[in-house]
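Okay, structure first, notes after.
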Amino acid sequence: MSASTRSIADLFAFDALIDDEERAIASTVADFGAKRLRPHVSQWFEDGTLPARDLARELGELGVFGMHLQGYGCAGTSAVSYGLACLELEAVDSGLRSFVSVQGSLAMFAIRAFGSDEQREEWLPRMAKGEAIGCFGLTEPDFGSNPAGMRTAAKRDGDDWILNGAKMWITNAPVADVAVVWAKTDLAEGARGVRGFVVPTDTPGFSAPEIKHKMSLRASITGEIVLEDVRLPASAMLPGVEGLRGPLSCLNEARFGIVFGAIGAARDCLQTAIDYAGTREVFDKPLAGYQITQTKVADMALEVGKGFLLAMHLGRQKDAGKIAPEQVSLGKLNNVREAIAIARECRTLLGANGITLEYPVIRHANNLESVLTYEGTSEMHQLMIGKALTGWDAFR
Ligand SMILES: Cc1cc2nc3c(=O)[nH]c(=O)nc-3n(C[C@H](O)[C@H](O)[C@H](O)COP(=O)(O)OP(=O)(O)OC[C@H]3O[C@@H](n4cnc5c(N)ncnc54)[C@H](O)[C@@H]3O)c2cc1C
C-alpha cells in the first residue's frame with residue numbers, strides 16, 4: 001500500500017487554474033452540497049421527488065440562481081464561477097444542477113437578455129432569491145431536436161395574445177410560478193415567427209401535469225405544459241428577440257453549465273470507485289492493488305482532468321466574451337460523453353454494490369442519460385461541430 005494518495009484535483013493541480021473568488025464560491029457550494037443535499041439525494045431519487053420549494057429558497061440564499069447575470073438581485077459573478085458552482089452541484093446530482101440551470105440559465109437568462117424592464121423587475125429579484133421558480137418551455141411532443149417545427153401558436157386578439165399548444169419534458173414545470181414559453185405568432189412564417197412569452201402559471205388555461213416513471217433525473221421534477229386558450233396581455237411577450245435565436249441563445253447558456261457540471265458527476269463517480277477499491281478485498285488484497293483497476297482509474301482520471309481543462313478554457317473564453325455556440329458544443333459533447341463512460345466504468349469497479357443507491361454511481365449514470373439528450377443531443381452537437389469544420393449543414 002502506498003504511503004499517501006492524491007485526489008484527482010490535486011493530481012492535475014486544478015487549484016492553480018482558479019482565483020480566490022472562484023475557489024471560495026466552489027467551496028461554499030461544495031459545502032452546501034455535502035451538508036444539505038448529499039444526505040438526502042438518494043432518497044429523493046428513490047422517491048422520484050424533490051422538495052423544490054424549500055430548496056429554491058435555500059439555493060436562493062446561497063446565491064446560485066442567475067449568479068452570472070448582472071443586476072436585479074443577481075450576483076454578477078464570472079462564467080467560470082458559475083461553471084464551478086454547476087460542477088459542485090452536479091457532483092451531488094444532475095437533477096440539482098438542472099434545477100439551478102433551468103432557473104438561472106434558461107428562465108432568468110431569457111428574461112434578463114430579452115425581457116422588458118417591467119418583466120425583469122417583476123420576476124428576476126424573486127427568482128434570484130428562490131421565491132419564484134421558473135421553467136422554460138421549448139420542446140414539444142413532436143419537436144425536440146428540431147424546435148423550428150414547433151406548433152404552439154400565439155394569436156392576437158385585440159392587444160392580447162392567446163396561446164394554444166403543448167410542451168413536453170419541461171424541467172420544473174409542475175412546480176413553477178412562471179414559464180418562459182416559446183410559440184409561433186404566425187405558423188406560416190416558420191421559425192422566424194417564434195417569440196417568447198412570460199406566462200404566470202396561474203393564468204387560466206395553463207396546466208403542467210407531472211411526467212412520472214422516469215428512470216433518470218428522478219431528483220428533478222419534469223412536466224408537460226398544456227396551453228388551452230391562455231390569454232396574456234401584450235406586455236407578456238419578450239420584446240427583445242425574434243426567431244429561434246432567442247431560445248437557442250438561452251440553451252447555449254445552460255449547455256455551458258453542463259460542460260462543467262458533467263465533470264462534477266464524473267469526479268464523484270471516480271472518487272467513489274477509488275475509495276471503494278481501496279477497501280474492497282478480492283483474491284486476498286484490495287481491488288485498488290490490481291493493474292486492471294489502476295489502468296481503469298488512470299484512464300478515467302485523464303478524462304476528468306482533460307474535461308476540466310476544456311471547461312476552464314471555455315469558461316475563460318466566455319468571460320472574455322469570445323465563445324461561439326459550436327465551442328460550447330465541443331465541451332457539452334465531450335464532457336457528457338466522457339462522464340457517462342466514466343460512470344459506467346466506475347459501476348464495474350463497485351460490482352454488485354454499484355447497482356444500488358447506497359453509492360452514487362448508478363444514480364449518476366442514469367442521470368447522465370438525460371444530460372446526454374437534453375440541451376441538444378450528442379448527435380446535434382456532432383452536427384454543429386461538423387458544420388463548423390466542413391461548412392456543410394447536415395441537419396436535414
Ligand atoms: C429530463 C429531461 C428534462 C428536460 N427539460 C427540458 C426543459 O426544461 N425544457 C425544454 O424545452 N426541453 C427539455 N427537455 C427536452 C430535451 O431538450 C429534448 O428531449 C431533446 O432536445 C431531444 O429531443 P427529443 O427527445 O424529441 O428527441 P428527438 O429530437 O426525437 O431525437 C431522437 C434521436 O434522433 C436524433 N436526431 C434528431 N435529428 C437528427 C438528425 N438531423 N440527424 C441525426 N440524428 C438526429 C437525436 O440525436 C436522437 O438521438 C428535457 C428532456 C429530459 C429528458
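Assorted remarks:
- Test result for residue 271, surrounded by fewer than 20 Cβ atoms within 10 Å (Cβ to Cβ), closer than 22 Å to residue 96 by Cβ, at pLDDT 95 or above and not assigned by TED's automatic domain parsing to the domain that holds residue 118: yes
- Of everything in region 131-151 that is buried (at least 24 other Cβ atoms within 10 Å of the Cβ) and within 19 Å of the chain's Cα centre (by Cα), the residue that is farthest from the ligand (Cβ to nearest atom) is 133.
- Residues in region 191-213 that are polar (S, T, N, Q) and part of a strand (DSSP E or B): 1 in all.
- Pairs with Cβ under 9 Å, 6+ apart, first in region 128-148 and assigned to a helix (DSSP H, G or I), second within 6 Å of the ligand (Cβ to nearest atom): 147/138; 147/139
- Some residue of region 235-246 being within 13 Å of the ligand (Cβ to nearest atom), part of a loop (DSSP other than H, G, I, E, B) and either touching a residue at least 24 places away in the same chain (Cβ under 8 Å) or among the hydroxyl-bearing types (Ser, Thr, Tyr) (or both): yes
- Filter result (buried (at least 22 other Cβ atoms within 10 Å of the Cβ) and more than 16 Å from the ligand (Cβ to nearest atom)) within region 152-171: 154, 161
- Region 314-333 residues that are buried (at least 19 other Cβ atoms within 10 Å of the Cβ), paired with ones that are among the polar types (S, T, N, Q) (beta carbon under 8 Å, 6 or more apart): 314/327; 315/78; 323/317; 327/317; 328/252; 333/378; 333/382
- Scanning region 172-188 for residues that are modelled with pLDDT under 95 and either within 12 Å of the ligand (Cβ to nearest atom) or farther than 24 Å from residue 116 by Cα (or both) yields 187, 188.
- Only helices (runs of 4 or more DSSP H) whose full extent lies in region 307-396 are considered here, and the ones with at least 2 residues that are within 11 Å of the ligand (Cβ to nearest atom) and over 21 Å from residue 217 (Cα atoms) are 378-390.
- Residue check for residue 21: under 17 Å from the mean Cα position of the chain (by Cα) and touching a residue at least 24 places away in the same chain (Cβ under 8 Å): no
- Selection from region 174-190 of residues that are in a helix (DSSP H, G or I) and not acidic (Asp, Glu): 174, 175, 187, 188, 190
- Looking across region 179-201, the residues that are in contact with a Ser or Thr (Cβ under 9 Å, 6 or more places away or on another chain) and closer than 16 Å to residue 247 by Cβ come down to 179, 181, 182, 183, 184, 193, 194, 195, 198.
- Of the residues making up region 214-232, those that are under 17 Å from the mean Cα position of the chain (by Cα) and part of a strand (DSSP E or B) are 222, 223.
The values are calculated or read from the model by the stated rules, or taken from the named source; none is laboratory data. Since the model is a prediction, treat every value here as computed from it, not as a measurement. Glycine also receives a Cβ, built like all others from the backbone with ideal geometry; neighbour counts cover every protein chain displayed.
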